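Notes for the one structure printed next.
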Amino acid sequence: MAEVGAVGIVGGGVIGAAWAARFLLNGIDVALFDPDPEVERKTLEVLANARRAQTRLHGAALPAEGKLSFAASVAEAVSQADFIQESLPEREDLKQRVLAEIDAAMPAHAVIGSSTSGLLPTKLQSVMKRPDRLIVGHPFNPVYLLPLVEVCGGDQTSQQTIDIASALYTRIGMKVLHVRHEIDGFIADRLLEAVWREALWLINDGIATAAEIDDAIRFGAGLRWSFMGTFLTYRLAGGEAGMRHFLHQFGPSMEWPWTKLVGPKLTDELIDTVAAQSDEQAAGIGLREYEALRDNCLVDVIHALERSDFAAGAVAKAYRESLAGKEAVKLGSDCGDGHLLTCHTPVMPEWIDYNDHLTESCYLKLFGDATDVVLARIGAGPDYVASGFSFYTVETHIRHLGQARLGQKVEVRSRVLGSDGKRLHLFHAMTNLDTGTLIATGEHMLVHVDAKAERSASAPESIAAAIRGLADEQQHLAPPDGAGRSIRMPG
Ligand SMILES: NC(=O)c1ccc[n+]([C@@H]2O[C@H](COP(=O)([O-])OP(=O)(O)OC[C@H]3O[C@@H](n4cnc5c(N)ncnc54)[C@H](O)[C@@H]3O)[C@@H](O)[C@H]2O)c1
């Protein structure tokens, strides 16, 4: 099974554009067709948001971006694609008509994933000449950040199609939930619809406003849902006796007439009420601004879950590890000219100042990180620190020579300038990889310490020998420009 190299996207609205971004940011080329005259502007805006969010989430681990092209027809978007993601409006007749068009124009080996939120794949594939090539790949908004994709085959979908789609979605950092029984609304939207239905009833009956209903979720159950879902949460709510006790205690209330089986009638009045409350809740904040806030919060939640290696955090961590194998950059390795490569990262949003430049304090942060890589290389990494010994920085001199902006990549190359039994003299050079210019140097004196005794101490022979070895490898390098400088007024 050859790896998918090119993807065609048909329908570039909220979901299609975000799919395009997820594929592109994973190094996969995308051809997109949407008859909307504004498709280019909208897609590029979504891509910019996605790039920013993925950069915050995964940093330098991301591969080089794929190429994006805008096709003039469905056939042009799919004729060279290994995989097609259909993201048309949720209308069965329209999807069937365009799926037949895609089927006729795509290569024989290609597979189609449909983004439908609830239409049955058996019905969608019924119009296709090669129905075995269609699967539902139902994502969640924003597709470029949320890992879940529900994969559901129809009666005629082949196992090979399920395997190809699942492998591709996993490769781009998603969590595949295989919906084993074809059912309207699949699994996730059945659940979401139950909550949505009750929410609309609460507004319809004048019980609560849109903002109050959102508060009821986001300050309580929503926080738990993001990592434990419903059943694990309720298991814990049952105390030591677990789920059995929980069912006995709260199960009977399920038979009380709290909930309604169908939603309220969508009268003009209800639509006006919901829309007005939603506008009031949004308080004039625009779509893209809210999207950026949502993305920041999602990245923070995923990062937090990574610390516990749990739920969406575990998926993000595993994904980054899968990229690490492919990433050519290995910190602590020789750059090829004798220097050690000690930092390679895009400039993150939290590192920039009001001028959109890498802010002053972050130069020291990045040089500090680079020093840690050198220390790991000489055997003084985290394990050594845990043993009660370390190197402390006692003096630093940073020269600012240029700038780096948000998203540009920077690299630090490092070398040992000198050492004795206790002291280690390091020199780092930071380059903006996008402009190819040297933007800062950092010169640091470190002293080996016995942390428990809180005093300097000679480094053990193993570390002293590692430093000597590194210094020997670098001795052919000319003295770096700016080393040993001090600050004073000229003249
Ligand atoms: N919005 C969500 O939260 C969400 C979540 C998961 C899945 N989905 C599913 O994704 C699909 C797309 O939903 P959306 O929210 O992106 O809708 P949308 O209205 O934002 O986008 C649909 C796009 O399809 C384009 N289009 C219409 N006819 C076309 C044609 N013949 N060829 C190519 N493009 C055409 C439109 O111009 C539009 O840009 C639906 O099946 C929906 O159920 C939506």
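Brief remarks follow.
- Qualifying residue in region 360-377 (condition: in the same structural domain as Glu461 (by TED's automatic domain parsing), at pLDDT 95 or above and not in a helix (DSSP H, G or I)): no
- Between Thr55, Thr43, the distinction of being at pLDDT below 95, β-branched (Val, Ile, Thr) and in a helix (DSSP H, G or I) belongs to Thr55 only.
- Among (1) outside any loop (DSSP other than H, G, I, E, B); (2) modelled with pLDDT of 95 or more, the one test that Gln80 misses: (1)
- Criterion applied to Ala50, Ala77, Ala71 was being touching a Phe, Trp or Tyr at 6+ places or on another chain (Cβ under 7 Å), within 29 Å of Val299 (Cβ to Cβ) and within 16 Å of the ligand (Cβ to nearest atom), and the one residue passing it is Ala50.
- Filtered residue count, region 62-103, keeping only those that are over 24 Å from the mean Cα position of the chain (by Cα) and either closer than 30 Å to Leu323 by Cα or not assigned by TED's automatic domain parsing to the domain that holds His138 (or both): 7
- Enumeration of residues in region 446-465 that are surrounded by fewer than 16 Cβ atoms within 10 Å (Cβ to Cβ) and of a type in the set (A, V, I, L, M): Ala451, Ala453, Ala457, Ala465
- Given (1) of a type in the set (A, V, I, L, M, F, W, C); (2) within 25 Å of Lys95 (Cβ to Cβ); (3) surrounded by fewer than 24 Cβ atoms within 10 Å (Cβ to Cβ); (4) over 17 Å from the mean Cα position of the chain (by Cα), index of the condition Ile9 fails: (3)
- Looking only at residues of region 124-172 that are out of contact with any helix residue (DSSP H, G or I) (no Cβ under 9 Å at 6 or more places or on another chain) and without any contact (Cβ under 8 Å) to a residue 60 or more places away in the chain, we find that the one that is nearest to Ala318 (Cα to Cα) is Tyr169.
So that you can scan it fast, the table gives a plain yes or no per residue for (1) assigned by TED's automatic domain parsing to the domain that holds Ala210; (2) of a type in the set (S, T, N, Q):
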residue: Phe246; (1), (2): yes, no
residue: Gln249; (1), (2): yes, yes
residue: Trp256; (1), (2): yes, no
residue: Thr259; (1), (2): yes, yes
residue: Gly263; (1), (2): yes, no
residue: Thr267; (1), (2): yes, yes
residue: Ile271; (1), (2): yes, no
residue: Glu280; (1), (2): yes, no
residue: Glu291; (1), (2): no, no
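- Set side by side, the residues Ala31, Ala77, Ala61 differ, and just one is over 20 Å from Asp434 (Cα atoms), in contact with a helix residue (DSSP H, G or I) (Cβ under 7 Å, 6 or more places away or on another chain) and of a type in the set (A, V, I, L, M), which is Ala31.
- Residues satisfying the stated conditions in region 403-425, i.e. of a type in the set (Asp, Glu) and either not in a loop (DSSP other than H, G, I, E, B) or not assigned by TED's automatic domain parsing to the domain that holds Ala466 (or both): Glu411
- Members of region 8-40 that are touching a strand residue (DSSP E or B) at 6+ places or on another chain (Cβ under 7 Å), more than 15 Å from the ligand (Cβ to nearest atom) and not in a helix (DSSP H, G or I): Ile28, Asp29
- Residue count for region 80-97, restricted to those that are more than 8 Å from the ligand (Cβ to nearest atom), over 17 Å from Val127 (Cα atoms) and surrounded by fewer than 24 Cβ atoms within 10 Å (Cβ to Cβ): 2
Residues are listed down the side, and each one gets a yes or a no for (1) more than 26 Å from Ala386 (Cα to Cα); (2) not assigned by TED's automatic domain parsing to the domain that holds Tyr363:
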| site | (1), (2) |
| --- | --- |
| Thr441 | yes, no |
| His448 | no, no |
| Lys452 | no, no |
| Ser458 | no, no |
| Glu461 | no, no |
| Gly469 | no, no |
| Pro479 | yes, yes |
| Gly484 | yes, yes |
| Gly491 | yes, yes |
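- Every residue from region 12-55 that is small (Gly, Ala, Ser), surrounded by fewer than 19 Cβ atoms within 10 Å (Cβ to Cβ) and in contact (Cβ under 8 Å) with a residue 12 or more places away in the chain: Gly13, Gly27
- Selection count, region 177-214, where residues are assigned to a helix (DSSP H, G or I), surrounded by fewer than 14 Cβ atoms within 10 Å (Cβ to Cβ) and basic (Lys, Arg): 1
- Out of Asp472, Asp450, sole residue that is among the acidic types (Asp, Glu) and free of Cβ contacts under 8 Å to residues at least 60 places away in the same chain: Asp472
- Candidate set from region 116-170 (those that are within 22 Å of the chain's Cα centre (by Cα) and in a strand (DSSP E or B)); member that is farthest from the ligand (Cβ to nearest atom): Val151
The values are calculated or read from the model by the stated rules, or taken from the named source; none is laboratory data. If you're wondering where the values come from, they're calculated on a predicted model, not measured in any experiment. Every residue, glycine as well, gets a Cβ built from its backbone with ideal geometry; the counts of neighbours run over all protein chains shown.
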